[in-house]
Amino acid sequence: MKISKRVNYGLVFLLQLHYLWPEHRAVNELAASDNLPPKFLEGIAADFRKSGLVEVKRGAQGGYRLARPLKEISLLEVFRCLDPEWERQNNTSSRDAVSSKQEAISLFLKQTSDSVNKVFGELFLDALPALNTQDEGLMYYI
């Protein structure tokens, strides 16, 4: 399964915000810290804000932060937010007359898609910090 850069960068963004909780951070800072394209990340952040996954605070101390913990955000939510093709492929319906074989294949693919959605809906992002071998959230300066 191919995951878009948009979803990949979105997951990095959410993981960054997890480590910074409860602080707000500007997109440019977050983009620079992981060598992500700032404009691309701004679009991702805006989509997350519209979906309620992050909240924004304006001003000098402003920026983005998680609206809720990673343990409450599913992978399916991220896909639905950042990959419009994901929803489109799951909501296609044909008005044309189709053969019984085509109908059987459509039903099979719909059931498969429903199964994938169910699995992704049960995968929560709190597993990400444990997979990050370099926990950058814990830096100590002397």
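Looking for something within 19 Å of residue 127 (Cβ to Cβ), surrounded by 18 or more Cβ atoms within 10 Å (Cβ to Cβ) and either at pLDDT 95 or above or under 17 Å from the mean Cα position of the chain (by Cα) (or both) - is there at least one such residue anywhere in the range 31-40? Checking the range 31-40: not a single residue is within 19 Å of residue 127 (Cβ to Cβ), surrounded by 18 or more Cβ atoms within 10 Å (Cβ to Cβ) and either at pLDDT 95 or above or under 17 Å from the mean Cα position of the chain (by Cα) (or both). If you go through the range 1-25, how many residues are farther than 15 Å from residue 79 by Cα and either part of a helix (DSSP H, G or I) or touching a Gly at 6+ places or on another chain (Cβ under 6 Å) (or both)? The total comes to 8.
The values are calculated or read from the model by the stated rules, or taken from the named source; none is laboratory data. Values in this document were obtained by computation on a predicted structure and should not be read as measured data. Backbone-built Cβ (ideal geometry, glycine too); neighbour counts: all protein chains shown.
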